[in-house]
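Okay, so here's the structure we're looking at.
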Amino acid sequence: MGFDLDKITRENVKGLKPYSSARDEYVSDGSSMVFLDANENPYNNGVNRYPDPQQRNLKSVLANQKEIQIENLLLGNGSDEVLDLLFRAFCEPGADNVITLPPTYGMYKVLADINTIDNREVLLTDDFQPNVGEILEMVDARTKMMFICSPNNPTANSFDSERIVTLLEDFDGLVVVDEAYIDFSNKASWVSRLSEFPNLVVTQTLSKAYGMAGIRLGICIASKEIITILNKIKPPYNVNELTQSHALRRVSDMPRIKSEVREIIEQKELLLKVLPQIEFIKEIYPSDANFLLVKVDDADKRYSELLGLGVVVRNRSSQPLCNNTLRLTIGTKDENIKLVTALKSLTK
Ligand SMILES: *Cc1c(COP(=O)(O)O)cnc(C)c1O
């Protein structure tokens, strides 16, 4: 027993060498070279050159902020690409399986299905925590990864860290902790414990707290060995120039991002005070994220009533353990006032 990266890597991936692009073979040192190596159009318009396949500038700022090495980082076209790369590197189609913990983020199952990987589901407990005993019972020799979303979407809570530690210690595959909402939480990121657990993979994103869902930038943080494997299979130019330059500009202004996050959290606190006054809201679940999951009397009815008043929320009733729930993203102050006004105007 014990985690063995070589053992869980797909045979064909072990033999691969990363595709070597023109921009990999010659890296500019800033001197005035003439670039005639990539069949680009030479006339400068800001994007006529291929982007840096290793996103060095952006990675160096991110690595600094997250107190890790550049070699611990892989960037992708959203977390969705990062998660897909994990499937393609470690899961043999038609043979391997992964474990997910519904109710949770839907993309894990979508990616498992696309990659012909058996998705073994172990329901969260009634208080939305991983059922560690059942999860470990579900593991067999072909279980390669489990997906732990904390803070979890759509339940909004963080998972107990002792439970995650048990999974990291007792499971010999990859434990992927999806931290899309970590910046809204006061819990420590698992990135700080990377050196303790060789099978820990943390994913983050610029789509939520960082306010850049539109540019598609996902982050994978793991051991250098795991990142090396993912680099073998990533498309060479998976993060385009506009995304790299825009992300670099915005992550260099952390005070602004942090003040937006503070404002969102303050707005959430306000909603937590006001929403209990709405009679048909039966329960508001604890939230470590930028959204609230609420249980109402009749989610389908309330969802369409809100739509009629110009407020779009997410009906999560189809998810297990989430009967009659709505997921409310925290908006701006004005948007939240509109939500509350709409909710108050609805009759019991
Ligand atoms: C929103 C979200 C993401 C973000 O995905 P991107 O592809 O990076 O936009 C990842 N995981 C969870 C759980 C999310 O809710």
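The values are calculated or read from the model by the stated rules, or taken from the named source; none is laboratory data. Computed from a predicted model, the values in this text were never measured in an experiment. Please note: Cβ atoms are built from the backbone with ideal geometry, for glycine as well, and neighbour counts cover all protein chains shown. Just the protein is used for accessible areas: all its heavy atoms, side chains included, with ligands, DNA and RNA removed. Shrake-Rupley method; radii C 1.70, N 1.55, O 1.52, S 1.80 Å.
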To the nearest 20 debye, segment 255-345 has a Cα-centred charge dipole, built from +1 on Lys and Arg Cβ and -1 on Asp and Glu Cβ, of 140
Comparing V47, V311, V61 in a Gaussian network model of the chain (Cα, 10 Å), the one with the largest mean-square fluctuation is V47
Residue by residue through segment 91-105, the couplings from Karplus 6.51 cos²θ - 1.76 cosθ + 1.60 with θ = phi - 60°, in Hz, x for Gly and Pro, are 10, 7, x, x, 10, 8, 9, 10, 10, 10, 10, x, x, 8, 4
Percent relative contact order for the chain, counting Cα pairs under 8 Å at least six residues apart, stands at 18
Among N72, N290, N45, the residue with the largest mean-square fluctuation in a Gaussian network model of the chain built from Cα contacts under 10 Å is N45
The set of residues whose placed amide H lies less than 5 Å from the amide H of T205, leaving out same-chain residues fewer than 5 positions away, is I219
Most fluctuating of I219, I99, I278 in the GNM of the chain (C-alpha, under 10 Å) is I278
For the chain, the per residue accessible area (1.4 Å probe, Å²) is 48
Of the candidates M145, S32, Y181, the farthest towards the positive dipole end of segment 5-252 (Lys/Arg Cβ +1, Asp/Glu Cβ -1, centred on the Cα centre) is S32
In whole Å, largest first, the alpha carbons of segment 162-215 cover along the principal axes 37, 22, 17
For segment 218-348, the percent of all C-alpha pairs falling in each 10 Å bin, from 0 up to the bin holding the max distance, is 10, 31, 23, 21, 13, 2
Excluding ligands, DNA and RNA, the carbon-plus-sulfur percentage of the accessible area of the chain with a 1.4 Å probe reads 50
If every Lys and Arg gets +1 and every Asp and Glu gets -1 at its Cβ, then about the Cα centre segment 5-252 yields a dipole, in debye to the nearest 20, of 820
With +1 on the Cβ of every Lys and Arg and -1 on the Cβ of every Asp and Glu, the dipole magnitude of segment 29-115 about its Cα centre, in debye rounded to the nearest 20, is 220
Only helices counted: for the chain, with every DSSP H run of 4 or more residues adding -39500 (n - 2.57) and the sum spread over all residues, [θ] at 222 nm is -10500 deg cm²/dmol
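Nearest 5 percent is fine: what portion of the DSSP beta bridges confined to the chain is antiparallel? Walk me through the intermediate numbers first.
Details: 18 of 35 bridges.
Close to 50 percent.
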The simple spin-label model distance between N186 and S20, using points 7 Å out along Cα→Cβ, in nm, is 5.3
Once the in-chain neighbours fewer than 8 apart are removed, the lysines whose Cα is under 26 Å from K348 read K268, K273, K282, K295, K301, K333, K338
With the charge dipole of the chain built from beta-carbon charges (+1 for Lys and Arg, -1 for Asp and Glu) about the Cα centre, the Cα from L74, I164, T325 projecting farthest to the positive end belongs to T325
Under the 7 Å Cα-to-Cβ spin-label approximation, K7 and S317 lie apart by a distance in nanometres of 4.7
Restricting to lysines and to Cα separations under 27 Å from K234, and discarding same-chain partners fewer than 8 apart, the set is K7, K14, K17, K59, K66, K109, K144, K208, K224
Listed by chain and number, the residues whose amide H is under 5 Å from that of T143, excluding neighbours fewer than 5 places away on the same chain and using placed H, are N97
Charge dipole of segment 209-348 built from unit charges on the beta carbon (Lys, Arg +1; Asp, Glu -1), centred at mean Cα; most positive-end Cα among S345, V274, I221 is I221
